[in-house]
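Step one of this worksheet: look at the structure below.
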Amino acid sequence: MQFDCISSSCVYNGPVMDDSQTLGLLAASGLRPTKSREAVLGALLASGKPLSHPELASRLETLDRVTIFRSLKTLRASGLLHSVRGLDGLLRFVVNPSRNSRCPGSHPHFLCLSCGTMTCLETQELPKIEVPVGAEVRGKQFLVYGQCASCAKAGAEARAPRNRGAKNKAKKGNEL
Ligand SMILES: [Zn+2]
Ligand SMILES: [Zn+2]
């Protein structure tokens, strides 16, 4: 597995993600298929979105948290996952992009501050960043945050009745 996230022209030579089964992905990256790796990878594939360790733990109640964390680290080291840190300090993990020869994680992410959902913005590439000579890059991330469409809509709907109520009250007030 080779990828170089420092270069903007990096090429990811890892497994191509399509509808392959969890076992196929583990085999392709040379990992022994343990129960926990299968479960963690399966849950992330099913989600299709980056999930934090606590989010995964609540979906995989039969596995203990330490085992899940170890599996995440192994899967990420193998190049199957990339991770992004949210404003809350929590890392979110996601299966690397499919149909995409770019290096994993070399795209911006969107974080909803209301529900915590993170989304990979895979079609956009991060710019090449020049770092001081001799500096060692360990990773890079670009996080756009705000409210996802459903939270923004829910917020607008929640505000609407109050606004109407306020208008009615004002009307009543004028009538008095
Ligand atoms: Zn949201
Ligand atoms: Zn991503």
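The values are calculated or read from the model by the stated rules, or taken from the named source; none is laboratory data. This one's a predicted model, so the numbers in the text were calculated from it and none came from an experiment. Cβ placement follows ideal geometry from the backbone for every residue including glycine, while neighbour counts extend to all protein chains displayed.
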In the range 132-175, anything modelled with pLDDT of 80 or more, surrounded by 10 or more Cβ atoms within 10 Å (Cβ to Cβ) and either of a type in the set (A, V, I, L, M) or assigned to a loop (DSSP other than H, G, I, E, B) (or both) is listed as VAL137, LYS140, GLN141, PHE142, LEU143, VAL144, GLN147, CYS148, ALA152, ALA154, ALA156
Filter the range 44-72 down to residues that are on the phi < 0 side of the Ramachandran plot and either aliphatic (A, V, I, L, M) or not in a helix (DSSP H, G or I) (or both), then give me how many there are.
17
Are there any pairs, at least 6 apart or on different chains, whose C-beta atoms fall under 7 Å, with the first in the range 134-155 and near ligand 1 (Cβ under 8 Å from one of its atoms) and the second among the aliphatic types (A, V, I, L, M), and if so, which?
GLN147/LEU113
Might you let me know whether the range 63-83 holds any residue that is within 16 Å of ligand 1 (Cβ to nearest atom) and in contact with a Ser or Thr (Cβ under 7 Å, 6 or more places away or on another chain)?
no
Does GLU122 satisfy the criteria of being surrounded by fewer than 16 Cβ atoms within 10 Å (Cβ to Cβ), acidic (Asp, Glu) and modelled with pLDDT of 75 or more?
no
GLY48 passes all but one of (1) in contact with a Gly (Cβ under 8 Å, 6 or more places away or on another chain); (2) surrounded by fewer than 18 Cβ atoms within 10 Å (Cβ to Cβ); which number fails?
(1)
A careful count of residues in the range 115-131 that are within 18 Å of the chain's Cα centre (by Cα) and either in a loop (DSSP other than H, G, I, E, B) or among the acidic types (Asp, Glu) (or both) gives 9
